[in-house]
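Here the structure comes first, spelled out in structure tokens, and everything after it is commentary.
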Amino acid sequence: MDLSGLKAIPKGKILSYLKESVPDVKFTFEGREVVVDLYSKVTFSYELKEIEPDRWEGKLTCNLPKKSFPFSERKWFLSSPPLFLYQGILYTQVPDILLKEGALTADEIEELQLEEEGVNLHLTPLAARPIACTPILQLTDRTGGFANLAFEYGGTKSKNLELEKGWERDLLETDFKKKTVGNSHYFCPLDKVYTTLSFLLELGWKIIDVEGRRLHRFGESHLHLSKENDAIRLSGKLTFDDYERPIEAIAGTFNRRDRFLELAPGEVGLLPPLEEFEWLQEEPLVVEGGLLYRRSQLGLFGEESPTLEIDKELLITLKAKKELPVLSLSPTFHGELRPYQALGVSWLKRLYGEGFSALLADEMGLGKTVQVLAFLSTLPLNKPVLIVVPTSLLFNWENEIRKFLPAAAHRIYHGPERSLEDLQLGEIILTTYGMVPELSSLDFHVIVLDEAHLIKNEETKRTQALLRLTGDFKLSMSGTPVENHLKELYTHFRFLIPGLLGDKEAFLKDADSVQTDRRYLTRVHKKIAP
């Protein structure tokens with residue numbers, strides 16, 4: 001006999017193996033979902049709500065280790081023994097009254113009997129009346145990670161230690177652990193707090209924050225993104241159980257790292273994870289009915305965000321990142337572009353048309369200069385163009401202009417004979433970084449920086465002079481925009497789009513921890529992607 005294909009299961013691990021190997025089964029019976037799980041530990045919670053004097057409404061929830069679902073009439077759970085809900089009462093076996101009232105069909109009875117041979121048809125209720133003990137999780141700090149457990153008894157002052165121990169076991173099956181720290185006896189890792197508290201609230205637990213306010217779970221968001229003049233408007237609301245809060249009331253909470261949002265006196269909402277609403281970390285302008293973002297911050301919003309409804313015009317702009325138009329070169333440009341160069345020029349044209357600036361970061365030798373000259377040939381130049389280059393590249397640029405834009409008026413502003421007299425509309429001024437302070441009084445249509453990584457230190461006089469220049473469109477060229485540290489990227493975008501990367505000190509602080517917080521790097525990438 002060949003036994004090579006058999007798997008040996010250690011003693012004591014058989015049940016665990018079966019639980020992992022045999023998933024729960026779901027199917028529909030007479031329009032109701034039926035769940036089959038023969039191996040997991042099953043617990044039930046019962047929530048009672050007084051809807052009017054002496055009239056109560058009960059909600060029964062079935063809890064498995066990794067999920068829960070509410071029971072409703074005519075839903076049953078095939079386990080051992082089978083469970084059945086009827087008129088708000090959970091039974092382990094089929095009572096005679098269900099048969100007399102015709103609550104079960106013959107097929108249902110047969111199914112139940114197949115699962116439990118010799119089923120006893122006598123009344124055995126598990127939840128014939130509401131549970132009188134309600135667990136209360138009392139949070140002892142602002143993060144929600146430290147807590148104590150208390151209990152609330154309805155209609156009686158007598159304690160039930162067995163029930164209390166059961167609730168504690170349920171708490172310890174979540175990410176809360178029994179750990180005494182100061183005056184707290186339970187601890188949950190901070191990255192698990194939202195999931196764990198949401199799960200407990202879903203099960204009907206009462207949770208009180210450190211200030212004594214009752215916690216409500218986050219429901220859903222209804223948000224809308226639209227264009228407003230030269231800005232982007234975000235409007236809408238977030239729901240927490242029966243409460244609603246407008247998006248402008250939530251601005252700033254994520255920057256303060258708040259986890260709870262005040263809803264009403266004595267009531268707070270559990271804020272969703274930061275990554276779901278990361279654009280709230282920015283500092284938009286709070287206006288009546290929403291938040292205003294700069295158009296340059298469009299990259300924060302994904303085109304397929306599940307939390308946002310996006311206006312058609314903005315959606316087209318977002319999708320244009322992937323769908324650049326075919327380039328039609330100007331006859332004033334004498335030359336041919338490789339396909340990737342033509343794509344680069346199309347990208348520059350799109351950003352120019354949308355009022356953005358650009359960082360052209362192709363590697364050395366891939367023809368950044370040719371792309372820039374082809375781009376300039378497509379523009380209606382009504383003001384001078386400034387191209388700032390290292391001294392060693394000054395005459396190389398002049399030769400490229402003569403070769404690819406022979407009809408373009410240009411001059412070199414460098415050396416003792418430099419002059420700006422008789423400057424023509426649209427004339428290209430070639431200069432070096434050292435000459436920039438002398439040009440700060442001019443207004444340019446386009447400003448181009450070659451080898452732009454030379455401005456990575458914003459404390460130098462050279463960089464400070466460049467930051468004072470004014471131009472309708474700014475373009476940085478660098479094969480190495482980030483060489484050693486993300487702070488170099490901050491200087492690039494302080495020149496290109498001031499304010500895009502936020503406060504300098506906050507940016508540098510977060511950049512220092514980027515190795516431990518990859519979400520930050522993703523957020524920076526979204527900002528600069530357009």
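A few comments on the model shown:
- For the stretch 215-274, the solvent-accessible area of protein heavy atoms averages 45 Å² per residue (probe radius 1.4 Å; ligands and nucleic acids excluded).
- In this structure H445 has an accessible area near 10 Å², from a 1.4 Å probe over the protein heavy atoms.
- Of the solvent-accessible surface of the stretch 160-229, computed with a 1.4 Å probe over protein heavy atoms with every protein chain present, carbon and sulfur atoms account for 48 percent.
- The stretch 326-407 shape via C-alpha gyration tensor axes, a/c threshold 1.5: rounded
- When the listed pairs K192/K504; K403/K461; K368/K461; K368/K527 are checked against a 25 Å cut-off, the alpha-carbon distance exceeds it for K192/K504; K403/K461; K368/K461.
- Ligands, DNA and RNA aside, R494 has an accessible area near 100 Å² when probed at 1.4 Å.
- In sequence order, calculated HN-Hα J values of the stretch 226-234 (Karplus, 6.51, -1.76, 1.60; Hz; x Gly/Pro): 9, 8, 9, 6, 9, 9, 10, 9, 10
- E152 versus E363: modelled label distance in nm, points set 7 Å from Cα along the beta carbon direction: 6.4 nm
- Between E173 and K237, the FRET efficiency from the beta-carbon distance, with R0 = 25 Å, is close to 0.15.
- Within the accessible area of the stretch 370-447, the carbon and sulfur atoms contribute 51%, probe 1.4 Å, all protein chains present.
- For the pair E288 and N457, a Förster radius of 60 Å applied to the C-beta separation gives a FRET efficiency near 0.90, rounded to the nearest 0.05.
- Solvent-accessible area assigned to carbon and sulfur over the stretch 456-510 amounts to 49 percent, based on a 1.4 Å probe.
- Think of a 1.4 Å ball rolled over the protein heavy atoms: the stretch 427-503 then has 37 Å² of accessible area per residue.
- Sites D258 and L343, calculated FRET efficiency, Cβ-Cβ separation with R0 45 Å, nearest 0.05: 0.55
The values are calculated or read from the model by the stated rules, or taken from the named source; none is laboratory data. Remember, predicted model here, so these are calculated numbers, not experimental data. Glycine also receives a Cβ, built like all others from the backbone with ideal geometry; neighbour counts cover every protein chain displayed. SASA here: full protein model, heavy atoms, side chains in, ligands and nucleic acids out. Shrake-Rupley method; radii C 1.70, N 1.55, O 1.52, S 1.80 Å.
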